[in-house]
Amino acid sequence: MDAEALTADAAAAPVEALLARIAAHYDALPRQLKQVAKYVEEHRASLMVDRTGDIAARCGVQPSAVVRFAQRFGYSGFTAMQAVFRDDYHEQASPLSTYHERIRTLIETQRGAFTGGQVAREFIAGSKSGLDELARGLDDTQVEAAVALLEKADSIYVVGVRRSFPVAAYIVYALSHTGKRVHLVSGTGGMHREQMASVRRHDVVIAISFTPYGRETQACVRDALRRHAKAVVITDSRLSPLARDAHALLTVKEGSAFAFRSLTSTICLCQALFVALAYRLELNVEETKDRGDDDD
């Protein structure tokens, strides 16, 4: 394909297709372009209005690196790449999608101390914004892949450290109601490796990790792959170090308030995963019963 055709094809591609291409080629990018790639992934909502110089300053690179990044993926320049994000925004825009921006403006212009109720409302608004983004960006194919892996798993191991730990504990509790053998890799006493020792080929590890990405969680995923198990990864970016090892990848961008990230969207996604699995298992039980009745 010639450069002109490549540019036309890239310009017509939706944001999700572009981000998938960036993730697929991320490891081969030079260091400076990797910085730009991370920025694009993490700031997709504002990329359509960000200036080249501002992006370069935030990435610690020269403006020419931002242009080279766009050209690397078939665009004539950064402005052409921005157009993809601008078109996507106009297609997705709704009153709810701008609510978070209004809340952020309120915080920046607020005079005087916040009351407890105001703080609570800021967190509620941030959580709502995160849920809206989760709904817009949900990859049904990856959710289905995750459910299929969990359905076939002999045992399920769940790992998440620090702020991800309460999510891991919750999903272990929920999945235990499906009749599956479910294990929380808590790392008590520093024993992550020992708790992973019983993982086998037909097991699945659910790994939950967000930037700056727990080293313990990464080690558990690598250990699981060495044992030929599968990995369902819940993380915040397709450029996450865990993403490349995922057999099913679920990305979550949490809303935030006062520089604290919510866990609302992640918990919601995990609840949905549990209910989808339970639904699938019950359907299969019913189908088995129906086939048995036909044989009588």
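The values are calculated or read from the model by the stated rules, or taken from the named source; none is laboratory data. Values in this document were obtained by computation on a predicted structure and should not be read as measured data. Cβ placement follows ideal geometry from the backbone for every residue including glycine, while neighbour counts extend to all protein chains displayed.
Does Val84 fit the bill of being surrounded by 14 or more Cβ atoms within 10 Å (Cβ to Cβ), over 21 Å from the mean Cα position of the chain (by Cα), assigned to a helix (DSSP H, G or I) and on the phi < 0 side of the Ramachandran plot? Don't jump to the end; show me each part of the working.
Working: surrounded by 14 or more Cβ atoms within 10 Å (Cβ to Cβ): yes; over 21 Å from the mean Cα position of the chain (by Cα): no; assigned to a helix (DSSP H, G or I): yes; on the phi < 0 side of the Ramachandran plot: yes.
Here the answer is no, as Val84 does not meet what is asked.
Within the option set Val143, Val119, Val147, being surrounded by 11 or more Cβ atoms within 10 Å (Cβ to Cβ) and modelled with pLDDT under 85 holds for one residue only, Val119. Residue count for the stretch 149-175 satisfying the condition of being part of a helix (DSSP H, G or I) and closer than 12 Å to Ala231 by Cα: 2. Against the list (1) modelled with pLDDT under 90; (2) farther than 19 Å from Gly130 by Cβ; (3) touching a Lys or Arg at 6+ places or on another chain (Cβ under 8 Å), the condition Ser237 fails is (2).
Pairing residues of the stretch 57-80 that are touching a residue at least 12 places away in the same chain (Cβ under 8 Å) and buried (at least 16 other Cβ atoms within 10 Å of the Cβ) with residues that are in a helix (DSSP H, G or I) and among the aromatic types (Phe, Trp, Tyr), at Cβ distances under 7 Å and at least 6 apart in sequence or on separate chains, gives Cys59/Tyr39; Val66/Phe78; Val67/Phe78. Within the stretch 173-200, the residues that satisfy the criterion of being of a type in the set (Gly, Ala, Ser), surrounded by fewer than 18 Cβ atoms within 10 Å (Cβ to Cβ) and under 19 Å from Arg215 (Cα atoms) are Ser186, Gly189, Gly190, Ala197. Pairing each residue of the stretch 133-159 that is closer than 20 Å to Glu41 by Cβ with any residue that is modelled with pLDDT under 90 and basic (Lys, Arg), provided the two are 6+ apart or on different chains, yields C-beta distances under 7 Å for Glu133/Lys253. Between residues in the stretch 213-229 that are assigned by TED's automatic domain parsing to the domain that holds Phe165 and farther than 19 Å from Leu149 by Cα and residues that are part of a helix (DSSP H, G or I) and acidic (Asp, Glu), which pairs lie under 6 Å by C-beta distance while being six or more apart or on different chains? Filtered contacts from the stretch 213-229: no entries. When we screen Ala12, Ala45, Ala28 for residues that are assigned by TED's automatic domain parsing to the domain that holds Thr79, exposed (fewer than 13 other Cβ atoms within 10 Å of the Cβ) and at pLDDT below 80, the only hit is Ala12.
Is it the case that Val159 is exposed (fewer than 15 other Cβ atoms within 10 Å of the Cβ) and not acidic (Asp, Glu)? For Val159, the condition - exposed (fewer than 15 other Cβ atoms within 10 Å of the Cβ) and not acidic (Asp, Glu) - is not met. For the stretch 26-70, a residue qualifies if it is under 28 Å from Arg136 (Cβ atoms), of a type in the set (S, T, N, Q) and not in a loop (DSSP other than H, G, I, E, B), and the qualifying residues are Gln35, Thr52.
With respect to the stated conditions, Tyr173 is aromatic (Phe, Trp, Tyr), in the same structural domain as Ala246 (by TED's automatic domain parsing) and at pLDDT 80 or above.
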